[in-house]
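Since every read-out is calculated from the coordinates, none of them should be taken as a lab result. The shown structure was predicted, so the numbers you read here are calculated from the model rather than taken from an experiment. Neighbour counts are summed over all protein chains in view; Cβ atoms, including those assigned to glycine, are modelled from backbone coordinates with ideal geometry.
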């Protein structure tokens, strides 16, 4: 008598087979990605950009939120180290007399040591063009001098507690904060916040979207559909601006605003893709062997739409940079201590006539970082298209 040829499928055997299929799908995706030589360059560009961003953040020299010397206003609005000569206008009084005093003390110190003075006034509008002791008596005096040499002379003549070797690559802002440190600190902070909140949004949105698509008739699904419809009826940037305005645009408020609102795009993407594949054989087979909704979402749906989520994830980072910048330009972040990309970009525009290198550097860095994200997302999108 022949044995019964009909038997129940072994659940563990099915899991092993599905795992193999999933692995092959991922391998095919990355095989398509690396089949184009240009993608090696795109991936390298993306990795190098991220590595430089992290490295520059780690090795910043000065506090990006505090003045390099809170005891002196002379460190405010310093020029870049490669262009240290400044021309400033002073009213006659203590500030002007203090600079004259430093010049005289430095000349005396240099004479005693038989060396060249560290600090010299290169131009003084109070003197006649021909020089001499006779001065022009005006309320405003224009001086031209090396601002870094002035700081060194102050310290060398015992008017400061310690001697610093100040060297600010891009100078300082109106609050005496090192611009170079502030740029990389704010850029790293903003992108880190966006990456973390986008990961959370991707997890929340993907799970909710997949759950709703698999259980459209349940009451809880209808609740999420209504919530997503309400949020989607108003542009995302408007929601985030309104929420940030309630809390003065603080860093936590930006994080929470993105977390409360920006899961909806991932939700819509996951719902649409799940509706497309929910009646395919591998989903029906997963249900037939007793997998619950959570298991199907994690092991079957997520792995199937992973490439689309990866593309969308990278695009959302670039969009987040634009939204944070818009919040700052609209004055919803009032405090200069909130070091975000938008705040620093706004500062660079305000000081563009005095220090154009500030604006050039922040624009260049943002362009490179944004392009690296966009190129990577585009390459992933092309790799996802099966021809």
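Estimated translational diffusion coefficient (Stokes-Einstein, Kirkwood radius over Cα pairs, 20 °C, 1.002 mPa s) of the stretch 285-380: 131 µm² per second. Under the simplified labelling scheme, the residue 192-residue 287 pair shows an inter-label distance of 4.5 nm, with each label point 7 Å from Cα along Cα→Cβ.
Of interest is the spacing of the C-alpha centroids, which for the stretch 29-55 and the stretch 251-265 amounts to 28 Å. Straightening the chain between residue 268 and residue 237 buys 9.4 nm, computed as 0.36 nm per residue apart minus the Cα-Cα spacing. Label-to-label distance, residue 73 versus residue 247, with points set 7 angstrom from Cα along the beta-carbon direction: 3.6 nm.
On full extension, the segment bounded by residue 378 and residue 260 gains 39.8 nm, given 0.36 nm per residue less the C-alpha separation.
Each residue, residue 111 and residue 350, gets one label point 7 Å from its Cα in the Cβ direction; the gap between the two is 4.4 nm. If R₀ is 45 angstrom, what is the calculated FRET efficiency for the pair residue 52 and residue 279, using the beta carbon separation as r and rounding to 0.05? The pair residue 52/residue 279 has a calculated efficiency of 0.45.
By the count of neighbouring beta-carbon atoms within 10 Å, fewest first, 317, 225, 102 end up ordered 225, 317, 102.
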